[in-house]
Every structure is written in structure tokens, then in C-alpha cells.
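Heads up, the thing below is written out as C-alpha cells.
The values are calculated or read from the model by the stated rules, or taken from the named source; none is laboratory data. All figures in this text were calculated on a predicted structure; none of them were measured in a lab. Note that we place each Cβ from the backbone using ideal geometry, even for glycine, and neighbour counts take in every protein chain shown.
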Amino acid sequence: MKQIFEALEKDARLTPEQISTMTGIPVAEVEKTIKKAEKNRTILKYKTVVDWAKLGEEQVWALLEVKVIPQRDVGFDAIAERIYRFPEARSVYLASGTYDLAILVAGKTMQEVAVFVSEKLAPLETVQSTVTHFILKKYKEDGEIIEGGEGVKRLPVTP
């Protein structure tokens, strides 16, 4: 069954018939597996990765490091839930290291991201500190090369 999920993860547009051909698993079994996975949330979402810059829709992305005070009985879960409910927070992760949460944020402008950090995130009672890293250029997203995948553009240095 793992083959079904690997195929869909690479290309969510694959039909059960195509997956059956690729894996040798009968179509009916592929369909049943997908329906069950959608129902029990093993498959969370079908996603398209769009290069918005090519459409003239610039977006500003930032990676936020957030240090928080865990709460009794719920640890980091309660504050993580408050944060992931903000529409600006595209991804929220519990991380090891010098900070507790890593948050990927998107906005139309740097100012919009800054307002999110200063007016929504930083004032939360358990947030101790934040560090904002603006994403300057995306090379690869969700396994897809965004730019520069056409081949080597520089000549190799030779002695």
C-alpha cells in the first residue's frame, strides 16, 4: 500500500487506474485504499505548487523561530494551536534546538509579515521571543525545483 501513497505524493493528479498500472495493485484496491486514507486523514490534502512570481503575484515568505513557555498538562500543543489558526501561518513545527517552534509565514509584503509578528504573534502570553528570517529566494519547494533546474549555467573551474 505504501506504493499508492508514494505515487500520490509525487503527483496528486494520478488516477487509480494509473496507480494500478504503476504498482500492479488492482484498481478496486487502489480506490478503496485512497477513500479510506481520505476518510481517516492519512491523506490530508491534494496540493498544487504554484510559482506565483511567474503570475506577477509576489509573496513574501518568512521563517520564524519562536521560543515559548510550555503550559502545564499540554506542553507546546496549546500555543501551537493558537498560532496555526492564524491564516498567515502556513506551517507550524515543534523543533529541537535553540527555539521551540518553527513557523513558515506568508504575506503580501514584508510589512504585512512584520505586523503579524509584532501584533499577533509576539503579544501571545507564552511567547518569550521571536526571530524572523525572510526568505530571499526559493530554489525548491515540496520536492519541486522552482528555478535553475535546467542545467548548469556556469562553466566549471579548471586548473
Would you confirm whether any residue within the stretch 11-29 is touching a residue at least 40 places away in the same chain (Cβ under 8 Å) and basic (Lys, Arg)?
no
Report yes if some residue within the stretch 81-104 is of a type in the set (Asp, Glu), over 30 Å from MET1 (Cβ atoms) and modelled with pLDDT under 95; otherwise report no.
no
In the stretch 15-41, which residues are more than 21 Å from the chain's Cα centre (by Cα), of a type outside the set (Val, Ile, Thr) and surrounded by 11 or more Cβ atoms within 10 Å (Cβ to Cβ)?
PRO16, GLU17, GLN18, SER20, MET22, PRO26, GLU29, GLU31, LYS32, LYS35, LYS36
Checking the structure you have, find out if any residue of the stretch 58-77 is β-branched (Val, Ile, Thr) and either more than 30 Å from THR98 (Cα to Cα) or in contact with a Cys (Cβ under 8 Å, 6 or more places away or on another chain) (or both).
no
Selection count where residues are in a helix (DSSP H, G or I) and without any contact (Cβ under 8 Å) to a residue 24 or more places away in the chain, scope the stretch 95-128
5
Scan the stretch 74-94 and tell me whether some residue there is touching a residue at least 60 places away in the same chain (Cβ under 8 Å) and exposed (fewer than 12 other Cβ atoms within 10 Å of the Cβ).
no
Checking GLU17 against (1) modelled with pLDDT of 95 or more; (2) at positive phi, only one condition comes out false. Which one?
(2)
Which numbered condition in (1) surrounded by 14 or more Cβ atoms within 10 Å (Cβ to Cβ); (2) in contact with a Ser or Thr (Cβ under 6 Å, 6 or more places away or on another chain); (3) assigned by TED's automatic domain parsing to the domain that holds TYR99 is the only one that ILE69 fails?
(1)
Test LYS67 against the criterion of being in contact (Cβ under 8 Å) with a residue 40 or more places away in the chain, part of a loop (DSSP other than H, G, I, E, B) and within 24 Å of ILE135 (Cα to Cα), and give yes or no.
no
